[in-house]
Amino acid sequence: MQGEGDAAGLEDRAPAYSWYALGVLSVVYLLNFIDRQILSILANDIKADLSLTDAQLGFLYGTAFAIFYALFGIPLGRLADSWNRTRLLAAGLALWSLMTALSGFARNFGALAGARVGVGVGEATASPCAYSLISDWFPERQRATAIGIYSAGLFLGSGLSLLIGGLIVENWNAAWPNGGPGGLVGWQAAFLAVGLPGLLLALWVLSLREPVRGGREGIASPADPHPWRGFFGQVSLIVPPFTVMGAARRGARPLAANLAVAAVAAALAWMLAELTGNPAQFAFIAIGAYAVFSWASALRSSDPATFALTWRSPAFVGLVLAYGFVSFTGYTVTYWASPYAERVFGFDKVELGWLIGAPAALGGFLGVIGGGWLADRLHRRFAIGRLLVVAIGLLVPVPLVVIGYSTANPAVFLVCAFLLQMATSSALGASAAATQALVLPRMRGTATAIFFLGATLIGLSFGPFTAGFISEATGSLATGVIANLAMVPLGLVALWMAIRAYPAAVAARLERAARAGERVTSA
């Protein structure tokens, strides 16, 4: 029998294998964001070749990817809670790598949008699996640091995408100015070059050992005998018209609410499409909003304990919204910095890689590692310590965006771009670890999927698109980026809601789960 001292030691430190596995996950996440972010360095070339607008570029980077990333993150999060997480992550990595490579063969807006949807579905496996694995590999006191290290791949990948993409495009177009093998031009070759290596990396991921689920807390997590049945059941809850059928099975009132939300979403999408001339953007948003409502309603009936600790928790919802607004600014500047510098300051693509990509990688790395470290330090002193770091991600970018996108001095812009990456990245490890502490081990994959709904449906779906749309309307990309700061006050309100509720929510998670019907047992 394990003694109290042994249990305390298990909780206090992570073995060497945990750090090795974390390194593998970090490489996966690095490639994740190379594949996602490379569209930034290629944006102006794609715009010229395919005759796109800035709003369409924002849609391709943000909404086309984000909606399906968010929606499939829900059933994939549930699958991560019930199936082998390393196998699921390897399958997702293979899918998004293949779809990135296929982006290189796109000849029009629709084909590129379809490929971006596929990238979003594949990448939806990454963080639910990784966050759940990290929570079982590392003790609670080290999780924000571990998640911060994992999340560094986000910023390293984003920065490296500019370096790699710039070098490939410049060299390819220099060697074949009229198109190379297969008629491919530089931006198409770049997609192929960053997509194909992921297929090999998937084999490395398969070699990782699956940890005991919930072993760190001593909370038993019984195996699900039918994980794929549950997955497809979850898919049916977010894909129309199955959503209507599912609501009907729950009764007349859920059906009426479901149909009402569908009607309102469709009407709003039509109105906004007519006003803006961007039907794809608002059709995708309407589908996403309706699907999330349908899924949350079903979760309330099928898993009331998870619903109670997530959607019904002001602390959890406040954190999701607050980080969503951090992401609104973060995704905007991450995507548009490179096209803006190319247009305004005349940098070529190799210069963009070295002057924006490399500093962005360093700034993001320092920000997410430093933010995770600071969050863990503050957590040991204050119950709301991690939430205080989220405020940095909301407030510090404001003066940096205003100065950076108003200056005529390229050096000032580059310094601001570097500091922006540090500031917006600092909140990720803190907010992710804080949300994980609000749920039980078996709920972590689902909680991660819900957490990223804010980052994707608020930040990624609206941030880059809104800046691009305002750029088209005003003729100034700088105006579009600066205007997005109008969302910061909403983020502060959400964060205040979370701060007020967080200590009590953490303390009462087992009690609240039990009241909702959860059978909590010790391992």
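Miscellaneous remarks
Yes or no, residue by residue, for (1) surrounded by fewer than 24 Cβ atoms within 10 Å (Cβ to Cβ); (2) more than 22 Å from G459 (Cα to Cα); (3) of a type in the set (D, E):
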| residue | (1), (2), (3) |
| --- | --- |
| A90 | yes, yes, no |
| S97 | no, yes, no |
| L102 | yes, yes, no |
| R107 | yes, yes, no |
| R116 | no, no, no |
| G122 | no, no, no |
| T125 | no, no, no |
| C129 | no, no, no |
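- Criterion: assigned to a helix (DSSP H, G or I) and either farther than 17 Å from Q436 by Cβ or free of Cβ contacts under 8 Å to residues at least 12 places away in the same chain (or both) - qualifying residue of G372, G353, G346: G353
- Of the listed requirements (1) assigned to a helix (DSSP H, G or I); (2) at pLDDT 95 or above, L388 misses just one: (2).
- The lone criterion from (1) out of contact with any Gly (no Cβ under 8 Å at 6 or more places or on another chain); (2) at pLDDT 90 or above; (3) surrounded by 19 or more Cβ atoms within 10 Å (Cβ to Cβ) left unmet by A111 is number (3).
- Total residues in the range 401-440 satisfying the condition of being over 15 Å from L366 (Cβ atoms) and either modelled with pLDDT of 95 or more or assigned to a loop (DSSP other than H, G, I, E, B) (or both): the figure is 19.
- Residue match in the range 32-40 (condition: modelled with pLDDT of 90 or more, under 30 Å from R229 (Cβ atoms) and buried (at least 18 other Cβ atoms within 10 Å of the Cβ)): yes
- For A80: the one exception among (1) under 21 Å from G463 (Cβ atoms); (2) aliphatic (A, V, I, L, M); (3) crowded, with 24+ Cβ neighbours inside 10 Å: (1)
- For the range 284-295, the criterion of being in contact (Cβ under 8 Å) with a residue 60 or more places away in the chain, in a helix (DSSP H, G or I), buried (at least 22 other Cβ atoms within 10 Å of the Cβ) and over 21 Å from the mean Cα position of the chain (by Cα) is met by none of the residues.
- Among the residues of the range 254-265, some residue qualifies, meaning at least one is surrounded by fewer than 17 Cβ atoms within 10 Å (Cβ to Cβ) and touching a Ser or Thr at 6+ places or on another chain (Cβ under 9 Å).
- Test: residue in the range 49-66 that is at pLDDT below 90, more than 27 Å from L167 (Cβ to Cβ) and under 18 Å from the mean Cα position of the chain (by Cα): yes
- Residues located in the range 297-350, provided they are under 30 Å from F231 (Cα atoms), among the aliphatic types (A, V, I, L, M) and buried (at least 23 other Cβ atoms within 10 Å of the Cβ): A298, L309, A315, L319, V320, A322
- Test: residue in the range 388-401 that is more than 24 Å from the chain's Cα centre (by Cα) and in contact (Cβ under 8 Å) with a residue 40 or more places away in the chain: no
- Here W336 meets each of (1) within 23 Å of I450 (Cα to Cα); (2) in a helix (DSSP H, G or I); (3) of a type outside the set (A, V, I, L, M) with one exception, condition (1).
The values are calculated or read from the model by the stated rules, or taken from the named source; none is laboratory data. This is a predicted model, so every value here is computed, not measured. No Cβ is skipped: glycine too gets one built from the backbone with ideal geometry, and neighbour counts run over all protein chains shown.
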